[in-house]
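A.B. asks: Quick one: the structure is below, and I'll ask about it shortly.
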Amino acid sequence: MYNSQLTVFVCVADCGSFTRAAERLYISPTAVMKQINALEAHLKLQLFERTRHGVRLTAAGEVIYQDAKFLFDYSRRSIERARAAMETSNTTFCVGTSLLNPAKPFMDLWYRVNRAFPHYKLHLVPFEDDHRGILDEISALGKKFDFLVGVCDSKLWLNQCQMLPLGRYRKMCAVSRDDPLAGKKRLTFADLYGRTLMMVKRGDSQTNDFIRNDLERNHPQILIEDTSRFYDISVFNRCAETGNILLSLECWQDMHPGLVTLPVDWDYSIPYGLMYANDPPEDVLRLVELVRRLQRAPGVETEKLPQL
């Protein structure tokens, strides 16, 4: 944290002698003198007056001595704070949150399992739903954050992380509030005939590819427009601005104030789950396993589980 020559310098000042300082430091008097000479040459200052009875600080040496003592104390406290921060980070789960992937589903899980992690806290880490940079965010699992909860059957996403499935969200349709369909409580396939349905391009999502194939085969009257592979707010903006219909999800019903999200007479749905790093630490794995056990046996008593 600081120049090691300062340690020798302070010791000499406290002892008043190169010889006594050497004894305290378990080095030779010659080595002590070399360290002091090197420090004085580096600072271009004379720090000690040499006498037959020992050494005493010069005026410049007195200033360096006081500041060195302050530096030692500051460094000690800095290391203590760093260690405390490390201990805190080791007992904190960082949870990613964004507009399309909010942390609330994780919070619902956390309040079911937190008794097994009595010393742990949560830290929410915001990130952007940018379709160009989302893969970088997913790859940050294990570094930037420990967990995400979100919709995921993307091959590209699942190459970057592991996912524990938690359930499925219904596929729905979003339309502009000015659209004639906005007044309906529920849509049918026929309501979509002659309209343009926006959905992610083919190739990355098994669920969306299935939906596209079904629509093209059985409902060719619905026109399909490709969006980017991953939704962000620009996709919702385009839906609102063009008057097209957007293939959306029940969990995104309040995503855009200019859109209304409606259920449709179909059985389409998509999985969502708890995402975590491919090579997670032990505490992350333990939480994942606990959630898995809760899914198998919802009545499990978490307070009886071993605690971290």
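The values are calculated or read from the model by the stated rules, or taken from the named source; none is laboratory data. As the structure is a computational prediction, the values presented were derived from the model and not from experiment. Ideal geometry is used to build each Cβ from the backbone, glycine not excepted, and the neighbour counts take in all protein chains shown. Heavy atoms of the whole protein, side chains included, go into the accessibility calculation; ligands, DNA and RNA do not. Shrake-Rupley method; radii C 1.70, N 1.55, O 1.52, S 1.80 Å.
A.B. asks: Ordering His123, His256, His131 from largest to smallest accessible area (1.4 angstrom probe), what's the sequence?
C.D. replies: If we order His123, His256, His131 from most to least accessible, we get His123, His131, His256.
A.B. asks: Over the chain, what per residue volume does the convex hull of the Cα atoms give, in whole Å³?
C.D. replies: Measuring per residue, one finds 207 Å³ for the Cα hull of the chain.
A.B. asks: Something else about it: Taking H placed 1.01 Å from N in the peptide plane, check which residues at least 5 places from Val149 or on another chain put their amide H under 5 Å from its amide H.
C.D. replies: Here Met275 satisfy the definition.
A.B. asks: Another question, then. Would you mind checking which residues have amide H under 5 Å from Ala140's amide H? H placed 1.01 Å from N; only 5 or more apart, or other chain.
C.D. replies: none
A.B. asks: What is the gain in length, in nm to one decimal, between Asn213 and Leu43 on full extension, counting 0.36 nm per residue of separation less the C-alpha to C-alpha distance?
C.D. replies: Length gained, Asn213 through Leu43: 53.6 nm.
A.B. asks: Please tell me which of these pairs span more than 27 angstrom C-alpha to C-alpha: Lys155/Lys185; Lys144/Lys201; Lys69/Lys144; Lys121/Lys144; Lys144/Lys171?
C.D. replies: Lys155/Lys185; Lys144/Lys201; Lys69/Lys144; Lys144/Lys171
A.B. asks: Can you give me the solvent accessible area of Glu80 with a 1.4 Å probe, rounded to the nearest 10 Å²?
C.D. replies: Here the residue's solvent-accessible area equals roughly 90 Å².
A.B. asks: Just to be sure I understand: with springs between alpha-carbon atoms less than 10 Å apart, which residue in Val125, Val32, Val291 has the highest mean-square fluctuation in the Gaussian network model of the chain?
C.D. replies: Among Val125, Val32, Val291, the largest GNM mean-square fluctuation belongs to Val32.
A.B. asks: Lys155 to Arg170: extension gain in nm, 0.36 nm per residue of separation minus the Cα-Cα distance?
C.D. replies: 3.4 nm
A.B. asks: Write down the accessible area per residue of the range 27-174 in Å², having rolled a 1.4 Å probe over the full set of protein chains.
C.D. replies: Accessible surface, normalised per residue, equals 58 Å².
A.B. asks: Keeping all protein chains in the complex and leaving out DNA, RNA and ligands, what accessible area do you get for Asp226 with a 1.4 Å probe, in Å² to the nearest 10?
C.D. replies: 90 Å²
A.B. asks: Please build a GNM for the chain, connecting alpha carbons under 10 Å apart, and tell me which residue among Ile79, Ile270, Ile211 fluctuates the most.
C.D. replies: Ile79
A.B. asks: Along Cα→Cβ, 7 Å out, is where each label goes; now give me the distance between the ones at Arg115 and Ala59 in nm to one decimal.
C.D. replies: Modelled inter-label distance: 7.2 nm.
A.B. asks: How would you classify the range 188-241 from its alpha-carbon gyration tensor, with a ≥ b ≥ c the square roots of the eigenvalues: rounded for a/c under 1.5, else prolate if a/b is greater than b/c, otherwise oblate?
C.D. replies: Oblate, because a/c is 1.5 or more while a/b does not exceed b/c.
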